[in-house]
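Colleague: I'd like to ask you about the structure that follows.
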Amino acid sequence: MSFKKPRLVILNNNYPSKENLYGDVFVHSRLKYYLNDFEVVVIGYRPLEKSKKYNYEGIDVMNFSDKPSFVKCITEQNPDLMGIHFVSGWYFDSFLKHLKIPVFIWVHGEEALGWYRRLYYFKWKTAHKFAIFALKNWVQLYYVRRIIRFSNKFGNIRFIFVSNWMKRITETDTLTRIKHFSIIPNPIDSNLFQYHLKTPEQALRVLLIRSFETHKYANDKAVAAINLLRSRPIFKKMTFHLYGKGKFFDKITASVKNDDNVILHNYFIENHQIPSVHKDFGIFLCPTRQDAQGVSMCEAMSSGLVPVTSDNTAIPEFCEHGVSGFLTRNALELANAIEQLASDPVLFARLSRQAADSIQSKAGHNVVIATELKLLKEGYQQT
């Protein structure tokens, strides 16, 4: 007698594909491990593309260009339980409030933060666009508040936050208190991002891998730190590699493009290629203005790179200052931290090992997947 796996429907509007390699890889990284216990299907709403069905590395995906087809497919799939990554407010009245099955909503950031926390997007030239964004954000938070209140009352919807900071800010910005929740970080694939012993020479090699599409990632501060290091003796011994793509790449990197030891790579790296890049470097330069976790930082830590990052939002939950990396507040502190690591091989070696150990214990995929599967199974068994 064969065991029928429970059907788990995942809603995600930016699932990876061959044409969208930089979709929500952190969603795919966990679903691969769900297949042993659940029958998994992903459904997405992508209004700017034609509807299509495809399989991505063993996961069946169905994307729809219109809301009625999207909602109809959810019903036709007859799920035993549901997971949602990046919940959209309109889901609530369309189908969420009618569901009797367990629903798990992963909150990653953008979908549950007030517009006033994204002022780094604001420019006077595009003030009207920001005003539209703020209005849409107000509507989104109104619906998130309704979903939270529904969850508190009926209990079949549970929230999963990737950090304590993310939960606290969601409650603040929606003026609510959430009863049914778990704190589980995005998983870091410890098999893919394996620790490799770093040499003192690699402490002189600094890596940055970031999107340059917005100012969320403080790439401007990273470049400012490199400019500050230029006047210090250690600079000539060092090498900096900056990987990324986006509309601000040329503007942000203009001041370092003529430095012989600053190499610019104006393109994205596929996720499976990143570990081979990690092997050549010792320091991961990753300042940020806002992060609910900092997945790329965590991946670098798992590989043994020492993060030099920012002391804000959720970052301190994953990087401990002076123990598994350096937390900074400005470009000068970034430069000082890089110089200290590059000049002290003993400190660098200790932090490299501790960075890998700490992040694998907090967010290694074996730890995270086991926790998530336990939660999903318990939810299903209670139905």
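Colleague: State the extension gain, in nm to one decimal, for the chain segment bounded by Lys179 and Leu21, taking 0.36 nm per residue of separation less the distance between their alpha-carbons. Mind showing how you got there, number by number?
Modeller: On the way: separation 158, 0.36 × 158 = 56.88 nm, distance 3.58 nm.
Roughly 53.3 nm would be gained on extension.
Colleague: Rounded, prolate or oblate: pick one for the stretch 84-223, where a ≥ b ≥ c are the square roots of the eigenvalues of its C-alpha gyration tensor, a/c under 1.5 means rounded, and failing that, prolate if a/b is larger than b/c, else oblate. Provide the component values of the computation, followed by the final result.
Modeller: Values: a/c = 2.83, a/b = 1.39, b/c = 2.04.
Because a/c hits 1.5 or more and a/b fails to exceed b/c, the stretch 84-223 counts as oblate.
Colleague: First check a/c for the stretch 9-85, with a ≥ b ≥ c the square roots of the eigenvalues of its C-alpha gyration tensor; if it is under 1.5, answer rounded, and if not, answer prolate when a/b is larger than b/c or oblate otherwise.
Modeller: On the way: a/c = 1.91, a/b = 1.10, b/c = 1.73.
Judged from the Cα gyration tensor, the stretch 9-85 comes out oblate (a/c at least 1.5, b/c at or above a/b).
Colleague: For the peptides 265-273, 5-13, what is the packing order when you average, over each peptide's residues, the other Cβ atoms within 10 Å and list the highest mean first?
Modeller: Top of the packing list down: 5-13, 265-273.
Colleague: By per-residue mean of other Cβ atoms within 10 Å, what is the highest-first order of 21-30, 331-340?
Modeller: Numbers: 21-30: 18.5, 331-340: 20.6.
Per-residue Cβ counts within 10 Å, averaged per peptide and sorted highest first, yield 331-340, 21-30.
Colleague: Just name one of Leu21, Pro345, Phe95: the one whose Cα is farthest towards the positive end of the charge dipole of the chain (beta-carbon charges, Lys/Arg +1, Asp/Glu -1).
Modeller: So the residue furthest toward the plus end is Phe95.
Colleague: Please give the contour-minus-distance gain from Lys5 to His265: 0.36 nm per residue of separation, less the Cα-Cα distance, rounded to one decimal in nm. Walk me through the numbers before you get to the answer.
Modeller: On the way: separation 260, 0.36 × 260 = 93.60 nm, distance 4.48 nm.
Extra length available between Lys5 and His265 comes to 89.1 nm.
Colleague: Okay, moving on. Over the chain, with a single point scatterer placed on each C-alpha, what log10 of the ratio I(q)/I(0) does the Debye formula yield at q = 0.12, 0.14 1/Å?
Modeller: So the normalised log intensities are -0.97, -1.26.
Colleague: How big is the antiparallel share of DSSP beta bridges in the stretch 200-363, given as a percent to the nearest 5? If you can, show how the numbers build up before the last one.
Modeller: On the way: 1 of 20 bridges.
Expressed as a percentage, antiparallel bridges in the stretch 200-363 total about 5.
Colleague: For the stretch 323-337 and the stretch 249-308, write down the distance between their C-alpha centroids in whole Å.
Modeller: That distance is 15 Å.
Colleague: If you take the square roots of the eigenvalues of the alpha-carbon gyration tensor of the stretch 200-363 and sort them as a ≥ b ≥ c, do you get rounded (a/c under 1.5), prolate (a/b over b/c) or oblate? All intermediate terms of the calculation are to be shown ahead of the outcome.
Modeller: Numbers: a/c = 1.38, a/b = 1.14, b/c = 1.21.
In terms of gyration-tensor shape, rounded.
Colleague: Tabulate in residue order the Karplus-calculated ³J(HN,Hα) for the stretch 341-350, using 6.51 cos²θ - 1.76 cosθ + 1.60 with θ = phi - 60°, rounded to whole Hz; enter x for Gly and Pro.
Modeller: Per-residue couplings from phi come out as 5, 5, 9, 10, x, 5, 4, 4, 4, 5 Hz.
Colleague: Tell me which lysines have Cα within less than 19 Å of Lys247's Cα, excluding those fewer than 8 residues away on the same chain?
Modeller: Within reach: Lys123, Lys125, Lys129, Lys216, Lys221, Lys257.
Colleague: What does the extension gain come out to for Lys362 and Leu332, with contour length at 0.36 nm per residue minus their alpha carbon separation?
Modeller: Working: separation 30, 0.36 × 30 = 10.80 nm, distance 2.95 nm.
So the extension gain works out to 7.8 nm.
Colleague: Could the peptides 301-312, 206-217, 357-368 be put in order, highest first, of the mean number of other beta-carbon atoms found within 10 Å of their residues?
Modeller: On the way: 301-312: 26.7, 206-217: 20.8, 357-368: 19.0.
Final packing ranking: 301-312, 206-217, 357-368.
Colleague: Can you give the FRET efficiency for Asn78 and Phe133, using 1/(1 + (r/R0)^6), R0 = 35 Å, r = Cβ-Cβ distance, to the nearest 0.05? Don't skip to the end; give the middle numbers.
Modeller: Values: r = 36 Å, r/R0 = 1.04.
Efficiency at R0 = 35 Å is approximately 0.45.
Here, each number is a calculation from the coordinates, and none is a lab measurement. Bear in mind that the values here come from a model prediction, so they are computed numbers and not experimental data. Virtual Cβ from ideal backbone geometry, glycine too; neighbours counted across all protein chains shown.
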